[in-house]
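FYI, it's all coordinate maths here, none of it is from the lab. Everything quoted here is computed from the prediction, not taken from an experiment. As a convention, Cβ positions derive from the backbone with ideal geometry for all residues, glycine included, and neighbour counts pool all protein chains shown.
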Amino acid sequence: MAEKILRYDYTNARAEAVGAAGLTTHDMAEAEAHLARVYTQAQAARSGWGFTKLPYREAEADMLTALGNELAAQCDDFVVIGIGGSALGAIALHSSCNPPFYNYSSRQARGNRPRMFVPDNIDPLLIGNLLATLNPARTIVNVIAKSGSTAETMANFLVVRAWLEQALGSDWKSHVVLTTDPAKGALRALATSHNLRCLDIPPDVGGRFSVLTPVGLLPAAVEGIEIKALLRGARDMLERCAGTDWRRDPAFFNAALHYLFDVRKNIRMNVLMPYAQSLRDIADWFRQLWAESLGKRVNRRGEVVHCGLTPINALGATDQHSQVQLYVEGPVDKLFTFIHTDQFAVQTAIPKGFSTDPAFAYLSGQTLNKLLHAEEFATRAALTKAGRPNATISLPAINPYYIGQLLLFFELQTAYAGELYDINAFDQPGVEQGKVFTYALMGREGYEAARAELKQMELARPDCII
Ligand code: PA5
C-alpha cells in the first residue's frame, strides 16, 4: 500500500453539521444491519465483477506501453472513434494525466507524443472539420466498440476509413487499430477478414467499466501516460476496499451515503464537483457510470422499481458563478461530493500590482493555488451552513497513481450501489432499445419489427404538434 491515499470525509453529511437534511446517528444505526449484510454479499460477489481483475493485468500493460510507443512514433495525430464507455475513459485520462492545452503545445513539450482527438459524436461538422485539419499519412485511428456495431462509431469509422483510403490506398489498414470483443461482433469479423490490428476488451467488462482495458489504456499509452501507475493506484484502492467492515471501505461508504439519502431523505440528485480543471472530464466519465449503471426499471427480482440517482457535474471554481446560487438557496434535493486536491503540479503566484486598490491588494503576493483552495473551502462552508449535505474526496495530487485510485473508487462505489439497490449495475437495456430503433430508422436488415413498432407509435401519436 502506498504511503499516501485518497481520503474520504462525510462529516458534512451528518445532521450535526447540516441539520434536518443530514443523517442522524439513529438513521445510521437503523441502517447498520442492512448495510453490513449487503457489504458481506458484495464482497462475495465482487470477484465476479470483471473490472476488479483489470488492475492485475501487468503483462497487458507492458504490451500496450510498447504498442503506444510504436504508434506515437508513427503519427502526429491519434484519433479515437468511439462513444459512451468507449470514449469517456480515454477523454478522462487524457485531461487528468496530461497538462492542460496538451494538444496546443509543441511535440517536444508533449514528450514527443502525438496530439489526441476523441470526436465522440456524429454531429456532421465534427468529423469533417477534424479530418480537414489532419494529415492522413501521419494519423492513426483507434476504433473502439465493445459490441462492434454501435451506429455512431460504425458511421464515423466509415467516414475516417474513406478519408484514409482516398489518401493512402490500401495502406489505410496500417493506420487503423480496432478495440473490441475478442470473439464477437462486426469489428472483430472485420479485423479478421481485413487483417487489421485488433485489441481485446474482456467479455466480462462492460463499456463504462472499461477504462482500464485497452479502451482507455492504449490512447493513454500513446500519450506516454504511465499506465502501470494507473493500475497500481487501482490495485491499492481495490485492496483497501476489501475488508469485512463496511465503515472502513470508503467506496462502500459513499455508495451507502447516496443510498441512504435517497431512501431516507428523498435526495436523488448527486452533484460531483471537482476543484481542478483536469478532473472535469473524470466527473463526466463518472456521470455516465452512475447514470447508466443505476438507472434501471426492474430490480434483480424482476420487480418494477424505476431505480436511479441523477448525476450532475459541476466544476470549481467556474460553476460557483453558474450553479452555486441554486445549490445554496434552491430546493434541498442534492447530495454534493467535492473532489479536493492537496497539491497541484505547479504553484502560480499572483504578482503584486495595483496595491492601493483593495480589490487587488488582498490578492497580491498570494497564489492561485491558495485562492482555489479558499474558494473550495468557502463553497463547502456556505453549503453546509445552508443545510446542504456534502462529502469530500481528497487526492494528495493529480497523477496517474491517484487517478487510478479515484477511478477504482468510483467503479466500486457504483457496483456497491447496485448491490444496495439490488439491481443489475452492469447492463443497459434502456440504451439498447434506442440502438435498435436507430437501426430500424436507418433501414438495417433484421430490424423490420422495430420499424413496424415505430410506425405504430407514430400513428398513435395524438395531435400535439403545433
Ligand atoms: O457502458 C456501456 O456499455 C455503454 O455506454 C457503451 O459503452 C456505449 O453504448 C458504446 O457501446 P460500444 O462500445 O459497443 O460501441
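Structure values in brief
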item: Extension gain from VAL346 to ARG264, taking 0.36 nm per residue of separation minus the Cα-Cα distance; result: 25.3 nm
item: Distance from the stretch 60-86 to the stretch 167-227 (C-alpha centre basis), Å; result: 9
item: Backbone HN-Hα couplings from phi across the stretch 173-186 [Karplus 6.51/-1.76/1.60, Hz, Gly and Pro as x]; result: 4, 7, 9, 10, 10, 9, 9, 7, 4, x, 10, 9, x, 5
item: Given charges at beta-carbon only (K, R positive; D, E negative), |dipole| of the chain in Debye; result: 220
item: Per DSSP, loop trypsin sites (Lys or Arg not before Pro) in the stretch 92-184 with at most 16 further Cβ within 10 Å; result: ARG107, LYS184
item: Segment ALA382-THR24, extension gain: residue separation times 0.36 nm, minus the distance between their alpha carbons; result: 126.8 nm
item: Virtual spin-label span in nm between SER322 and ARG248, 7 Å along Cα→Cβ; result: 4.1
item: Residues CYS241, CYS75, sorted so that the one with the fewest Cβ neighbours within 10 Å comes first; result: CYS75, CYS241
item: Low-density loop cleavage sites - GluC sites (Glu not before Pro) in the stretch 150-228, where at most 14 other Cβ are within 10 Å (DSSP); result: none
item: Whole-Å semi-axes of the stretch 358-466's equivalent ellipsoid (Cα gyration tensor); result: 49, 23, 17
item: Distance between the stretch 359-387 and the stretch 19-50 - C-alpha centres, whole angstrom; result: 34
item: Which of LYS228, LYS455 has the fewest Cβ neighbours within 10 Å, and the rest in rising order; result: LYS455, LYS228
item: Nearest-0.05 FRET efficiency for ILE466 and TYR56, computed from C-beta distance (R0 51 Å); result: 0.30
item: LEU199 long-range amide H proximity, modeled H, under 5 Å; result: LEU178, THR179, THR180
item: ASP123-THR356 pseudo-label distance in nm [points 7 Å out on the Cα-to-Cβ vector]; result: 4.8
item: Calculated on alpha-carbon atoms, Rg and Dmax of the chain in Å; result: 23.7, 75
item: If the convex hull is drawn through the Cα atoms of the stretch 289-358, its volume per residue in Å³; result: 163
item: Separation in nanometres of the label points that stand 7 Å from Cα toward Cβ, at GLN108 and GLN41; result: 6.0
item: Fully extended contour minus Cα-Cα distance, from GLU16 to VAL305, at 0.36 nm per residue; result: 100.8 nm
item: Taking HIS321, HIS340, HIS258 and counting other C-beta atoms within 10 Å, the order from fewest to most; result: HIS321, HIS340, HIS258
item: 20 Å cut-off, amide nitrogen to a point 7 angstrom out along ASP9 Cα→Cβ, residues in the stretch 263-306; result: 271-277, 279
item: Helix-only mean residue ellipticity at 222 nm for the chain, each DSSP H run of n ≥ 4 adding -39500 (n - 2.57), per residue, nearest 500; result: -14500 deg cm²/dmol
item: Loop sites in the stretch 330-422: chymotrypsin sites (Phe, Trp or Tyr not before Pro), DSSP, at most 13 other Cβ within 10 Å; result: PHE354, TYR362
